[in-house]
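Trainee: One structure follows; several queries about it will come next.
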Amino acid sequence: MASSASQTTKRARKKKADSMLWSRRDFFSFGGWAGIAFVLGSALLAFVRFMFPRVLFEPPMVFTAGSPSDYLIGEVSTKYKKEQRVWIIRREDGIYVILAICTHLGCTPNWIPNKQAFKCPCHGSGFYMDGTNYEGPAPRPLDRVKVSLNAEGKLLVDKSIVYTMRPGIDPDEQYPESILRI
Ligand code: FES
């Protein structure tokens, strides 16, 4: 009788041990699948990221800017400042295009009509309408870019051709070709 009870106890222990063994096996199996799912998920994410590369979509370096008659003599047009970071200026003798990049540390100046000057908000540099620096830490005039007429008579601005100004010399004298005579 006692031996039968002991056998029952042994069987119960074995059953319990078996059930623990299976649950451990299940646990490791689950861990394995989770690992595979993680690896596949990471690979999928990497693939999706690869399909959408981190590219800066910059505006084109060459763009058309309407007709010369769209610009009034004596006015600084801020129409392309935000999109292209340039001002288009028409004078009696022609049109020129100034890069809206301060020659001190590269901030974007603003055109102040009642002062007839460009003022940089960062450290206070000031520039006349032709780009000449007259106050503040900017060491030289604002740079200009090439402007010409295309076959249809529209203004063609090419920012890949920059007239880099030297200090102390009138921008018109340094680069007469920066002015489109019309
Ligand atoms: S960046 Fe314009 S004054 Fe310093």
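The values are calculated or read from the model by the stated rules, or taken from the named source; none is laboratory data. Everything quoted here is computed from the prediction, not taken from an experiment. Glycine also receives a Cβ, built like all others from the backbone with ideal geometry; neighbour counts cover every protein chain displayed.
Trainee: Looking at (1) over 17 Å from Arg181 (Cβ atoms); (2) of a type in the set (Gly, Ala, Ser); (3) away from the ligand (no atom under 12 Å from the Cβ), which is the only condition Ala100 fails?
Mentor: All conditions pass for Ala100, except number (3).
Trainee: What tally of residues in the range 123-138 results from selecting those that are part of a loop (DSSP other than H, G, I, E, B), of a type in the set (Ser, Thr, Tyr) and more than 6 Å from the ligand (Cβ to nearest atom)?
Mentor: Result for the range 123-138: 1.
Trainee: Consider Lys79 against the criteria (1) surrounded by fewer than 14 Cβ atoms within 10 Å (Cβ to Cβ); (2) at pLDDT 95 or above: it satisfies all of them except one. Which criterion is unmet?
Mentor: Every condition holds for Lys79 apart from (1).
Trainee: In the range 139-165, what residues are of a type in the set (Ser, Thr, Tyr) and either surrounded by 15 or more Cβ atoms within 10 Å (Cβ to Cβ) or within 16 Å of the ligand (Cβ to nearest atom) (or both)? Explain how you work it out, then say what you get.
Mentor: First, the residues of the range 139-165 that are of a type in the set (Ser, Thr, Tyr): 148, 160, 163-164.
Passing the criteria: only Tyr163.
Trainee: Consider Thr108 carefully, then state whether it is crowded, with 19+ Cβ neighbours inside 10 Å, within 21 Å of the chain's Cα centre (by Cα), assigned to a loop (DSSP other than H, G, I, E, B) and within 16 Å of the ligand (Cβ to nearest atom).
Mentor: For Thr108, the condition - crowded, with 19+ Cβ neighbours inside 10 Å, within 21 Å of the chain's Cα centre (by Cα), assigned to a loop (DSSP other than H, G, I, E, B) and within 16 Å of the ligand (Cβ to nearest atom) - is not met.
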